[in-house]
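Below is one structure, written out as structure tokens; comments come after it.
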Amino acid sequence: MTTEFMKELLSKDEKITVEYKLCQHGIQNDVYETVCSFSNRYGGYIIMGVENDGTPVGIRRNLAGDMKKNFVNELNNPNKMSPTLYLSIEEFIYEEKLLLWVYVPPTSTVVKCSGRIYDRNEDGDMDITDSPIQLQNMYNRKSGTYAEHKIFPYVTTDDLRMDLMCRVRKLARSKDQDHPWLEMSDEEILRSAGLWEKDFSSGIQGYNLAGVLLLGKDEVIRSCCPGYITDAIYRVDNVDRYDDRLQVATNLIESYDLLMAFVAKHTSDKFCLINNVNTSIRGIIAREVIANILVHRDYGSAYPAKVIIEKNWLRTENWCIPRRHGNIMSDEFTPYPKNPLIQQFFANIGRTETIGSGVRNLYKYTPIYSDGGKPELVEDDVFRITIPLNRAAVDEANAQGTLSDREQQIYDMICENRHLSVEQVMAELDISRAAVFGIYGKIKRVTGAVYDEKAAAWVLPQ
């Protein structure tokens with residue numbers, strides 16, 4: 001959160017993705033109704049310590065700690081929120097006043113608050129529990145958006161690795177000593193996490209794809225999601241093929257450990273002091289990229305996710321449902337979870353943090369690890385992350401950060417003619433179509449220019 005962005009949020013009145021709450025005596029009950037409505041619609045920002053007109057009045061500092069703790073506890077209380085959510089409130093000083101804010105991402109399932117269902121309409125939260133048509137529209141909208149939402153009515157606990165639940169509790173305890181899951185039975189945890197659900201439009205009920213991927217036996221995962229696999233490749237000496245390879249097709253809990261171990265095996269570690277604690281920077285970076293390819297990929301596609309370790313680079317790629325196209329920058333990133341149920345489960349066991357923290361961590365720690373390099377995150381049909389591992393990668397990236405004479409010539413042609421076609425470039429410079437597309441790719445990376453396919457025109461950076 002930046003001062004400029006907070007100013008923008010406070011200057012445009014409440015709307016479908018922004019809500020102000022006064023909260024002078026603690027968390028108001030209607031805050032949870034807004035969390036519910038944002039989850040069920042497009043997501044949004046809740047800012048506490050603000051009048052309805054956007055005037056900041058601040059939160060009393062002696063209340064902030066308890067408010068943050070109570071907020072997390074209530075969202076993890078299945079009697080309050082169903083399915084439970086993992087969100088955290090952040091503090092922000094604005095005009096010398098303490099504000100609390102939280103970003104609520106949209107979910108793949110319908111969320112209930114105290115047994116009621118809320119939807120967002122302009123600047124208000126509507127209780128639509130008793131409105132059959134609006135409920136039907138909501139369930140239809142949710143079911144058509146996320147592959148993790150697909151229900152498998154014949155999957156039972158016998159098809160799941162219930163032996164992993166003991167470990168799930170230990171991980172949850174390490175995250176929070178008072179985690180609500182510690183007092184629940186195995187099936188209560190699965191239902192609380194939204195891994196068992198009912199489709200109210202068809203009446204089908206059972207464990208969904210998120211539950212199968214997180215805890216399913218290997219043969220069950222192959223049956224329910226035949227395209228699921230993560231291909232880890234180490235390629236340094238044998239650059240045409242690979243020096244080491246690991247194909248991971250087991251449950252996501254154990255997949256995370258296997259892929260983390262693969263990265264640790266083939267990359268060097270560096271430590272630094274964070275809050276006076278000696279911390280592995282490689283571990284932080286690996287955690288973010290591995291969590292990304294497991295949590296945010298489109299499991300409806302057979303495109304295999306990849307982790308590729310080269311001499312100077314760590315690269316990952318996975319198919320996704322893009323919400324934007326192009327580079328993701330740390331200061332202009334609006335988080336949008338691709339698989340909210342899986343993300344929430346990972347957050348509860350400490351494998352991820354709040355939505356958007358992964359991008360911030362990569363931009364924060366990659367320069368330290370690589371001696372000045374920056375990560376590159378590109379969202380498209382294939383989501384790609386590129387991490388420099390050393391100074392040689394930084395120097396290589398710097399060399400790629402400038403345009404050659406021919407590349408500059410083509411970029412000048414684009415500036416003169418936003419509708420410049422590939423064929424025109426081929427004819428003008430007598431080069432192949434493949435060469436043009438390769439140069440276009442570098443122009444996009446270096447200049448930030450974007451080609452709008454609908455308008456058949458280039459959009460140049462301001």
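The values are calculated or read from the model by the stated rules, or taken from the named source; none is laboratory data. Values in this document were obtained by computation on a predicted structure and should not be read as measured data. Here Cβ is always computed from backbone atoms with ideal geometry, including for glycine, and neighbour counts include all displayed protein chains.
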Original post:
Of all residues in the range 397-429, which are surrounded by 14 or more Cβ atoms within 10 Å (Cβ to Cβ) and acidic (Asp, Glu)?
Top reply: Glu407
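With respect to Asn70, determine if the residue is touching a Ser or Thr at 6+ places or on another chain (Cβ under 9 Å) and over 28 Å from Asn137 (Cβ atoms).
Values: touching a Ser or Thr at 6+ places or on another chain (Cβ under 9 Å): no; over 28 Å from Asn137 (Cβ atoms): yes.
Answer is no for this residue.
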Original post:
Which condition breaks for Lys270 when tested against (1) closer than 22 Å to Tyr86 by Cβ; (2) in contact with a Ser or Thr (Cβ under 9 Å, 6 or more places away or on another chain); (3) among the basic types (Lys, Arg)?
Top reply: (1)
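From Ala455, Ala435, grab the single residue that is surrounded by 11 or more Cβ atoms within 10 Å (Cβ to Cβ) and either in contact with a Ser or Thr (Cβ under 8 Å, 6 or more places away or on another chain) or of a type in the set (A, V, I, L, M, F, W, C) (or both).
Details: Ala455 fails: surrounded by 11 or more Cβ atoms within 10 Å (Cβ to Cβ).
Testing whether each residue is surrounded by 11 or more Cβ atoms within 10 Å (Cβ to Cβ) and either in contact with a Ser or Thr (Cβ under 8 Å, 6 or more places away or on another chain) or of a type in the set (A, V, I, L, M, F, W, C) (or both) leaves just Ala435.
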Original post:
Only one residue in Tyr234, Tyr242, Tyr228, Tyr207 is among the aromatic types (Phe, Trp, Tyr) and under 25 Å from Thr84 (Cβ atoms), so which one is that?
Top reply: Tyr207
Original post:
Among the residues of the range 65-81, is any modelled with pLDDT under 90, surrounded by fewer than 18 Cβ atoms within 10 Å (Cβ to Cβ) and at positive phi?
Top reply: no
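Determine which member of the set Gly203, Gly211 is surrounded by fewer than 20 Cβ atoms within 10 Å (Cβ to Cβ) and over 23 Å from Lys374 (Cβ atoms). Working first, answer last.
Numbers: Gly211 fails: surrounded by fewer than 20 Cβ atoms within 10 Å (Cβ to Cβ).
Answer to the check: Gly203.
Under the condition of being of a type outside the set (A, V, I, L, M, F, W, C) and touching a Phe, Trp or Tyr at 6+ places or on another chain (Cβ under 8 Å), which residue from the range 361-380 is nearest to Glu254 (Cα to Cα)? Before you say what the answer is, go through the steps one by one.
Let us first name the residues in the range 361-380 that are of a type outside the set (A, V, I, L, M, F, W, C), namely 361, 363-367, 369-376, 379-380.
With touching a Phe, Trp or Tyr at 6+ places or on another chain (Cβ under 8 Å) added as a condition, the list becomes 374-375.
On the way: Lys374: 29, Pro375: 26 Å.
Among residues in the range 361-380 that are of a type outside the set (A, V, I, L, M, F, W, C) and touching a Phe, Trp or Tyr at 6+ places or on another chain (Cβ under 8 Å), the one nearest to Glu254 (Cα to Cα) is Pro375.
Residues of the range 412-462 being basic (Lys, Arg) and touching a residue at least 24 places away in the same chain (Cβ under 8 Å), which ones?
Answer for the range 412-462, where residues must be basic (Lys, Arg) and touching a residue at least 24 places away in the same chain (Cβ under 8 Å): Arg418, Lys442, Lys444, Arg445.
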Original post:
Can you pull out the residues in the range 161-186 that are surrounded by fewer than 14 Cβ atoms within 10 Å (Cβ to Cβ) and without any contact (Cβ under 8 Å) to a residue 40 or more places away in the chain?
Top reply: Asp163, Cys166, Lys170, Gln177, Leu182, Glu183, Ser185
**OP:** Give the residue, chosen from Val378, Val450, that is at pLDDT below 85 and within 33 Å of the chain's Cα centre (by Cα).
**Re:** Val378
**OP:** Kindly list the number of the only condition in (1) touching a residue at least 24 places away in the same chain (Cβ under 8 Å); (2) hydroxyl-bearing (Ser, Thr, Tyr); (3) within 28 Å of Trp319 (Cα to Cα) that fails for Tyr242.
**Re:** (1)
**OP:** Please work out which one of (1) farther than 28 Å from Gly283 by Cα; (2) surrounded by 15 or more Cβ atoms within 10 Å (Cβ to Cβ); (3) at pLDDT below 90 is the condition Val394 fails and give its number.
**Re:** (1)
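Checking the conditions here, which among Glu183, Glu197 is acidic (Asp, Glu), outside the structural domain of Val289 (by TED's automatic domain parsing) and touching a Lys or Arg at 6+ places or on another chain (Cβ under 9 Å)?
Values: Glu183 fails: touching a Lys or Arg at 6+ places or on another chain (Cβ under 9 Å).
That would be Glu197, the only listed residue that is acidic (Asp, Glu), outside the structural domain of Val289 (by TED's automatic domain parsing) and touching a Lys or Arg at 6+ places or on another chain (Cβ under 9 Å).
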